[in-house]
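Engineer: This is the structure I have questions about; it appears just below.
We did not get these values from a lab; they are worked out from the coordinates using the rules stated. The shown structure was predicted, so the numbers you read here are calculated from the model rather than taken from an experiment. So basically every Cβ, Gly included, is an ideal-geometry build from the backbone, and we count neighbours across all protein chains shown.
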Amino acid sequence: MQLVDPVRRARCLRVAGCLVILTAALSAVASSRAEIQTASSSSGPRGTTPRWWMNEPVRFLQTNLSETDSTVDPRALVAAVADVGANTFLVNMGGIVAQYPTKVSFHYASAFLPPGRDLFGDVLRESRQRGVRVIGRFDLSKTQKPVFDAHPEWFFKRANGEPAIYSGLYSTCINGDYYRRHALTLLEEALDRYEVDGLFFNMFGNPSADYSGAPMGPCQCDACQARYRRRFNRPVPATADADYRAFMDDSSREVAVAIAELIHRKRPRAAFLTYIKDHTDGIMSESNTAVGRPLPLWPYSASDNVSRSLGSEPDKIAINLAMSFVDYPWRYAHVAQPETQLRMYQNMAHGGPPAVVVVGTMSQLDRNGLIAAKPVFDWHRRHEDLYVGQVNAARVLLLATGDTASYRGFFRLLTERHIPFVVSENLRWLDDGARRFDLVIAPENAPKEIERYVRDGGRLLTGGVMPPPLPIGRVVGKQKTQGYWRIHDRTGLPSLRDTDVLFVDGDYLELEPSDKPVLTLIPTAMFGPPEKVWSDKVETRVPGLVSAPHGQGRFVYVPWDVGSLYYRHSSESHAALLSDLIDGLLPNGRQIGTNAHPLVELTLMDQPARKRTLVHLVNGTGHQDTAYFSPVELRDITIELPREVHSVRAVGLGRALPVTTNGRMRTFTLPSLKAYEVLIVE
Ligand SMILES: [Zn+2]
């Protein structure tokens, strides 16, 4: 299961049934601009070693075996994986339970593994015969009591001095010598024995809560105390704070360095995969559900995860797992087939492989997860040349700077308006000449480095109540309202012709009045009974928008949380405002014009090696509230590109689409869209 926090990367809200949360990650980015990094990654490409995961089409299937599944017939297991259409199989190898006869001390083969049996070895052999790649799964976060009895210092220690025990297993500590030393011995044996295509690590670090959601608090073990004191000159805090979270993040990274080095030395062609971005070859994420998660559902979870991973680390594979199960207590009951398929199509549309996860063997009590995956894998296999070397061609960058509601508001707005965009959690693109954007959107908390980008000619749209590092005028202070913004100037806001006001609920940053305001505040006034509505209404000169040139560039600042309001309430007027602001900032207009329904997700991906562009269309009309149904077939979707186009081919329909010319525009029409389609533009 995934091990990331719900606030920082919103994986829990966005995707994860991750009731278990990495302490270290909690809120780490949400409130701090300093977390946005411009430094070059320490996890760049690995020289000239061939990387199959970057150069081959990948169809990814994971089974999480229970220890009782050790008796599964490996031939039947792998045959079922191949029959579903996967070509990459992530399967249990070691850690909590080894599925091979390990000789390393404190590492235990499954109690259900028949004597002399080597399940992992058998699976690997069967997979090789079928051309299926194998990634071994490890979980080093927990182990058995005899290890604790022999080495209590390797284990997580609660504030009351007790170990953390769950389902009879003892939690290890990322800073203890189980992770730091003994794990390397386990892995050395595994890597010597088996020519794996990769290793995946579950729960990479100290979780802040267990599988039932019960908080564990910071680890108080001697190793943590000593390291923490060396760094901060004080003991580990009783509750996790920003320093502790940074400490935990760094602890995970340090272990990742050692494991990456070992894997790459022993098996140079194998991938190191886990949920963290540093030192890995690929970034894992999850699209999943949890019964206790607040609504609304996030229907773009897979798009969000893949776009964010690839936009942040373009040189890695982004494997977003469609988790079949409903939530931890119901590992064997699945979400609706159209939900799984939507996630898998979103993965593909944003440059990731289709990937699905089931718990147990391939003989499932609930067959819906695998039934849903098969046609997607079949499509991918028939058209696998589409899915190698895709690069997001979007000219708009959405910066993931913090609060997920605000970020998601912008994410959804851009998607609904068919403005191609890519997400990044960092600013490394600032110094990457190959990655230029027409517009950067920072939903809130614009980082200080963004000033240089604007000064050098960039365009920026930002919002929220934290003042951006740009000349926005004198700040009076943060205020709260349940009022309105009065529209004065529609020059740049043609879509707001049918309203004179926008509603605003919550915080805003009060700025000094400007000469020619576009929006001004009408503060909270009487709203009931109707006879008294606005009897005390006041018009102010408090601006609701700042638009100004800066250096060679230009920025627009919306000093209230418009992204969050749109996420929560979907006001047409807020959408119109943002859409017009974006259009006003795009120097060359939009990359794509279309009459597609807002629930059709459209991405623009280049395949540089093939000198062609792919337009992916994912039909999201099957989503309603908490339900996912088959999408409604849509007809006659016209697409317009301001570029040279020689030919367009609709892959699913299997036919060329006529292209018409109108000035610099090239127009073509897709006659029918079912769940998913790709148009090859050459
Ligand atoms: Zn510890």
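Engineer: Could you check segment 575-600 and list, in sequence order, the residues that are of a type outside the set (D, E, K, R), crowded, with 19+ Cβ neighbours inside 10 Å and part of a loop (DSSP other than H, G, I, E, B)?
Structural biologist: Once the filter is applied, which keeps residues that are of a type outside the set (D, E, K, R), crowded, with 19+ Cβ neighbours inside 10 Å and part of a loop (DSSP other than H, G, I, E, B), segment 575-600 yields 591, 592, 596.
Engineer: So, one more: Being within 16 Å of the ligand (Cβ to nearest atom), surrounded by fewer than 21 Cβ atoms within 10 Å (Cβ to Cβ), under 30 Å from residue 218 (Cβ atoms) and within 33 Å of the chain's Cα centre (by Cα): is that true of residue 163 here? It would help to see each step written out before you state the result.
Structural biologist: Working: within 16 Å of the ligand (Cβ to nearest atom): yes; surrounded by fewer than 21 Cβ atoms within 10 Å (Cβ to Cβ): yes; under 30 Å from residue 218 (Cβ atoms): yes; within 33 Å of the chain's Cα centre (by Cα): yes.
For residue 163, the condition - within 16 Å of the ligand (Cβ to nearest atom), surrounded by fewer than 21 Cβ atoms within 10 Å (Cβ to Cβ), under 30 Å from residue 218 (Cβ atoms) and within 33 Å of the chain's Cα centre (by Cα) - is met.
Engineer: On the given criteria, is residue 404 touching a residue at least 40 places away in the same chain (Cβ under 8 Å) and closer than 20 Å to residue 277 by Cβ? So that I can check it myself, show each step before the final result.
Structural biologist: Values: touching a residue at least 40 places away in the same chain (Cβ under 8 Å): yes; closer than 20 Å to residue 277 by Cβ: yes.
Judged against the criteria, residue 404 is a match.
Engineer: From (1) within 14 Å of the ligand (Cβ to nearest atom); (2) assigned to a strand (DSSP E or B), pick out the condition that doesn't hold for residue 235.
Structural biologist: That leaves (2) as the condition not met.
Engineer: Could you tell me whether residue 451 is within 29 Å of residue 427 (Cβ to Cβ), of a type in the set (Asp, Glu) and out of contact with any strand residue (DSSP E or B) (no Cβ under 6 Å at 6 or more places or on another chain)? Lay out the reasoning, then the answer.
Structural biologist: Numbers: within 29 Å of residue 427 (Cβ to Cβ): yes; of a type in the set (Asp, Glu): yes; out of contact with any strand residue (DSSP E or B) (no Cβ under 6 Å at 6 or more places or on another chain): yes.
Yes: the conditions hold for residue 451.
Engineer: Do the conditions hold for residue 453, that is, is it crowded, with 19+ Cβ neighbours inside 10 Å, within 30 Å of residue 349 (Cα to Cα) and of a type in the set (Phe, Trp, Tyr)? Lay out the reasoning, then the answer.
Structural biologist: On the way: crowded, with 19+ Cβ neighbours inside 10 Å: yes; within 30 Å of residue 349 (Cα to Cα): yes; of a type in the set (Phe, Trp, Tyr): yes.
Yes; evaluated as a whole, the condition is true for this residue.
Engineer: Further question: Condition first: free of Cβ contacts under 8 Å to residues at least 24 places away in the same chain, more than 15 Å from the ligand (Cβ to nearest atom), of a type in the set (Asp, Glu) and closer than 27 Å to residue 58 by Cα. Can you find one or more residues in segment 145-157 that meet it? Step through it out loud before you land on a result.
Structural biologist: Within segment 145-157, the subset free of Cβ contacts under 8 Å to residues at least 24 places away in the same chain is 148-149, 152.
With the extra rule that they be more than 15 Å from the ligand (Cβ to nearest atom), the set shrinks to 149.
Of the ones still in play, those that are also of a type in the set (Asp, Glu) are 149.
Narrowing further to those that are closer than 27 Å to residue 58 by Cα: none.
No, because not a single residue in segment 145-157 is free of Cβ contacts under 8 Å to residues at least 24 places away in the same chain, more than 15 Å from the ligand (Cβ to nearest atom), of a type in the set (Asp, Glu) and closer than 27 Å to residue 58 by Cα.
Engineer: Could you check how many residues of segment 229-256 are surrounded by 13 or more Cβ atoms within 10 Å (Cβ to Cβ), touching a residue at least 60 places away in the same chain (Cβ under 8 Å) and aliphatic (A, V, I, L, M)?
Structural biologist: Selection size over segment 229-256: 5.
Engineer: Only one of 556, 546 is of a type in the set (Val, Ile, Thr), in contact with a helix residue (DSSP H, G or I) (Cβ under 9 Å, 6 or more places away or on another chain) and within 22 Å of residue 470 (Cβ to Cβ). Can you tell me which? Steps first, please.
Structural biologist: Details: 546 fails: in contact with a helix residue (DSSP H, G or I) (Cβ under 9 Å, 6 or more places away or on another chain).
Residue meeting the stated conditions: 556.
Engineer: Follow-up. Looking at 549, 517, 529, 494, which is the one that is farther than 16 Å from residue 463 by Cα and crowded, with 18+ Cβ neighbours inside 10 Å?
Structural biologist: Details: 549 fails: crowded, with 18+ Cβ neighbours inside 10 Å; 529 fails: crowded, with 18+ Cβ neighbours inside 10 Å; 494 fails: crowded, with 18+ Cβ neighbours inside 10 Å.
Step by step, each of 549, 517, 529, 494 is checked, and only 517 is farther than 16 Å from residue 463 by Cα and crowded, with 18+ Cβ neighbours inside 10 Å.
Engineer: Of the conditions (1) in contact (Cβ under 8 Å) with a residue 40 or more places away in the chain; (2) of a type in the set (A, V, I, L, M); (3) touching a Leu at 6+ places or on another chain (Cβ under 8 Å), residue 599 clears all except one; give me its number.
Structural biologist: Here residue 599 meets the rest and fails (3).
Engineer: Got a sec? Which of 130, 229, 193, 180 is of a type in the set (Lys, Arg), within 14 Å of the ligand (Cβ to nearest atom), farther than 24 Å from residue 275 by Cβ and out of contact with any Cys (no Cβ under 7 Å at 6 or more places or on another chain)?
Structural biologist: Numbers: 130 fails: within 14 Å of the ligand (Cβ to nearest atom); 193 fails: within 14 Å of the ligand (Cβ to nearest atom); 180 fails: farther than 24 Å from residue 275 by Cβ.
Exactly one of 130, 229, 193, 180 is of a type in the set (Lys, Arg), within 14 Å of the ligand (Cβ to nearest atom), farther than 24 Å from residue 275 by Cβ and out of contact with any Cys (no Cβ under 7 Å at 6 or more places or on another chain), namely 229.
Engineer: Of all residues in segment 612-652, how many are part of a loop (DSSP other than H, G, I, E, B) and either closer than 15 Å to residue 416 by Cα or touching a Ser or Thr at 6+ places or on another chain (Cβ under 7 Å) (or both)? Break it down stepwise before answering.
Structural biologist: Here is the first cut: in segment 612-652, the residues part of a loop (DSSP other than H, G, I, E, B) are 620-622, 625-626, 629-633, 642-647, 651-652.
From what is left, the residues that are either closer than 15 Å to residue 416 by Cα or touching a Ser or Thr at 6+ places or on another chain (Cβ under 7 Å) (or both) are 620-622, 631-633.
Number of matching residues: 6.
Engineer: Based on this model, can you work out whether residue 648 counts as farther than 18 Å from residue 346 by Cα, surrounded by fewer than 20 Cβ atoms within 10 Å (Cβ to Cβ) and in contact with a Phe, Trp or Tyr (Cβ under 6 Å, 6 or more places away or on another chain)? Please lay out each step first, then the result.
Structural biologist: On the way: farther than 18 Å from residue 346 by Cα: yes; surrounded by fewer than 20 Cβ atoms within 10 Å (Cβ to Cβ): no; in contact with a Phe, Trp or Tyr (Cβ under 6 Å, 6 or more places away or on another chain): yes.
It is false that residue 648 is farther than 18 Å from residue 346 by Cα, surrounded by fewer than 20 Cβ atoms within 10 Å (Cβ to Cβ) and in contact with a Phe, Trp or Tyr (Cβ under 6 Å, 6 or more places away or on another chain).
Engineer: What's the number of the condition residue 222 fails, among (1) within 14 Å of the ligand (Cβ to nearest atom); (2) under 22 Å from residue 278 (Cβ atoms)?
Structural biologist: Failed condition: (2).
Engineer: Restricting to segment 438-471, name every residue that is assigned to a strand (DSSP E or B) and aliphatic (A, V, I, L, M).
Structural biologist: Applying the first criterion (assigned to a strand (DSSP E or B)) to segment 438-471 yields 439-442, 459-463.
Residues satisfying the conditions are 439, 440, 441, 442, 460, 461.
Engineer: Run residue 214 past the list (1) within 16 Å of the ligand (Cβ to nearest atom); (2) of a type in the set (Gly, Ala, Ser); (3) under 26 Å from the mean Cα position of the chain (by Cα) and report the number of the one that doesn't hold.
Structural biologist: Unmet condition: (1).
Engineer: If the Cβ limit is 8 Å and pairs must be 6+ apart or interchain, which residue in segment 202-228 that is without any contact (Cβ under 8 Å) to a residue 40 or more places away in the chain and of a type outside the set (Asp, Glu) pairs with which residue that is more than 11 Å from the ligand (Cβ to nearest atom) and assigned to a loop (DSSP other than H, G, I, E, B)?
Structural biologist: 215/208; 225/235; 228/234; 228/235
Engineer: It is to be established whether one or more residues within segment 481-495 are polar (S, T, N, Q) and touching a helix residue (DSSP H, G or I) at 6+ places or on another chain (Cβ under 6 Å). Write out each step before concluding.
Structural biologist: Within segment 481-495, the subset polar (S, T, N, Q) is 481-482, 491, 495.
Filter once more, keeping what is touching a helix residue (DSSP H, G or I) at 6+ places or on another chain (Cβ under 6 Å): 495.
The answer is yes; a qualifying residue exists.
Engineer: Identify all residues within segment 313-330 that are buried (at least 22 other Cβ atoms within 10 Å of the Cβ) and within 30 Å of residue 48 (Cα to Cα); write none if there are none.
Structural biologist: 313, 316, 317, 318, 319, 320, 321
Engineer: Suppose we filter 252, 208 for residues that are within 18 Å of residue 161 (Cα to Cα), within 14 Å of the ligand (Cβ to nearest atom) and touching an Asp or Glu at 6+ places or on another chain (Cβ under 9 Å); which single one remains?
Structural biologist: On the way: 252 fails: within 18 Å of residue 161 (Cα to Cα).
Only one candidate qualifies: 208.
Engineer: Sticking with this structure for a sec: Within segment 601-611, can you find the residues that are out of contact with any Ser or Thr (no Cβ under 9 Å at 6 or more places or on another chain) and assigned to a strand (DSSP E or B)? Show your work before the answer.
Structural biologist: The initial filter retains those residues of segment 601-611 that are out of contact with any Ser or Thr (no Cβ under 9 Å at 6 or more places or on another chain), namely 608-611.
Scanning segment 601-611 gives no hits.
Engineer: Right, something else. Residues of segment 107-160 being aromatic (Phe, Trp, Tyr), touching an Asp or Glu at 6+ places or on another chain (Cβ under 7 Å) and under 15 Å from residue 92 (Cα atoms), which ones? Steps first, please.
Structural biologist: Filtering segment 107-160 for residues aromatic (Phe, Trp, Tyr) gives 108, 112, 120, 138, 148, 154-156.
With the extra rule that they be touching an Asp or Glu at 6+ places or on another chain (Cβ under 7 Å), the set shrinks to 112, 154.
Correct list: 112 only.
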